[in-house]
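This report refers to the structure that appears directly beneath it.
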Amino acid sequence: MKIVKKEFGSYMTNCYIVDSGEVQIVIDPGVNAYEWVMKNTSNLKAVFNTHGHFDHVYDNYKFMNDDLEIYIHKDDSFMLKKDPFNLLKEGSKASFLAQDKDEFRVGEILVKFHHFPGHTPGCCILEVACNGKKAMFSGDFLFKNTIGRYDFPFSNSNDMRDSLLKVAKFKDEMPLYPGHGENSTLQTELKNIEFYLARM
Ligand SMILES: [Zn+2]
Ligand SMILES: [Zn+2]
């Protein structure tokens, strides 16, 4: 599994390409990510969104024109049509509405949705497994040294608390690729959960 990353837009949102060697998927194609993605893929099969905020789904519509399938958690699909900040250039529509623990196979790439609402209603960590390796794409739920905001329209601090308690139980260690900023590892970030909970 090869993972490449580039920041897009004024919020410097991370867009990721996951490559099995045979097929590729893109995670969170943000503002004008399309050209870079097309340049760096040869057999792109699907678009996955960690959540529905505009800076993570902005270029979805361009991939729809290529007949690519779009996957997002069902509780954030409404944001693809009209995002809460009204900043989308063009809306998009998901081909698959995921629920917690749903798994989707794209060639050799297996993507599992872990639902962690709070930042948005359908915010997820995408656990990606490929060629014996695993990684987590945490969107705006977990970052290196911080967590996502839960004061936006459609955010919910009680859900965020429950999500932090839920993720704290994860025992596996694997690389963590957040929606903004640098990479980390899951267990490194889980060490800080108590600190965040105490401040909520
Ligand atoms: Zn967000
Ligand atoms: Zn974001």
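The values are calculated or read from the model by the stated rules, or taken from the named source; none is laboratory data. What you are looking at is a predicted structure, and each value in this text was computed from that prediction instead of being measured. Cβ atoms come from the backbone with ideal geometry, glycine included; neighbour counts cover every protein chain shown. Each accessible area value is taken on the protein alone, full model and side chains, heavy atoms only, with ligands, DNA and RNA left out. Shrake-Rupley method; radii C 1.70, N 1.55, O 1.52, S 1.80 Å.
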Per-bin percent of Cα-Cα distances, the chain [5 Å]: 1, 8, 18, 22, 22, 16, 8, 3, 1, 0
Computed [θ] at 222 nm, deg cm²/dmol, the chain (DSSP H ≥ 4; -39,500 (n - 2.57); rounded to nearest 500): -4500 deg cm²/dmol
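Would you mind checking Lys74/Lys169; Lys6/Lys93; Lys89/Lys144; Lys39/Lys169; Lys39/Lys144; Lys81/Lys133 for any pair whose Cα atoms are more than 31 angstrom apart? Intermediate results must be reported in sequence, preceding the final value.
On the way: Lys74/Lys169 24 Å; Lys6/Lys93 24 Å; Lys89/Lys144 29 Å; Lys39/Lys169 39 Å; Lys39/Lys144 28 Å; Lys81/Lys133 34 Å.
Violating the 31 Å limit, Cα to Cα: Lys39/Lys169; Lys81/Lys133.
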Accessible area expressed per residue, the chain, with surrounding protein chains retained (probe 1.4 Å, Å²): 46 Å²
Relative contact order (%) - the chain, alpha-carbon pairs under 8 angstrom, separation at least six: 16 percent
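Please report the orientation-averaged projected area of the stretch 33-95, defined via the convex hull of its C-alpha atoms, in nm².
On the way: hull surface 15.9 nm².
That works out to 4.0 nm², a quarter of the Cα hull's surface.
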Counted charge near Ile109, where neighbours are those whose Cβ lies closer than 14 Å (Asp, Glu -1; Lys, Arg +1): 0
Distance histogram in 10 Å bins (all Cα pairs of the stretch 68-131, percent per bin): 22, 48, 27, 4
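Hey, got the dipole for the stretch 2-199? About the Cα centre, +1 on K and R Cβ, -1 on D and E Cβ, debye to the nearest 20?
Details: 24 positive and 28 negative charges, 50 e Å.
Roughly 240 debye, rounded to the nearest 20.
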Percent of beta bridges antiparallel (DSSP, the chain, rounded to nearest 5): 70 percent
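So how do 174-186, 123-135, 78-90 stack up, highest first, on mean other-Cβ count within 10 Å? Spell out each step's value before the answer.
Details: 174-186: 18.5, 123-135: 20.2, 78-90: 14.8.
So the peptides 174-186, 123-135, 78-90, ranked by packing, come out 123-135, 174-186, 78-90.
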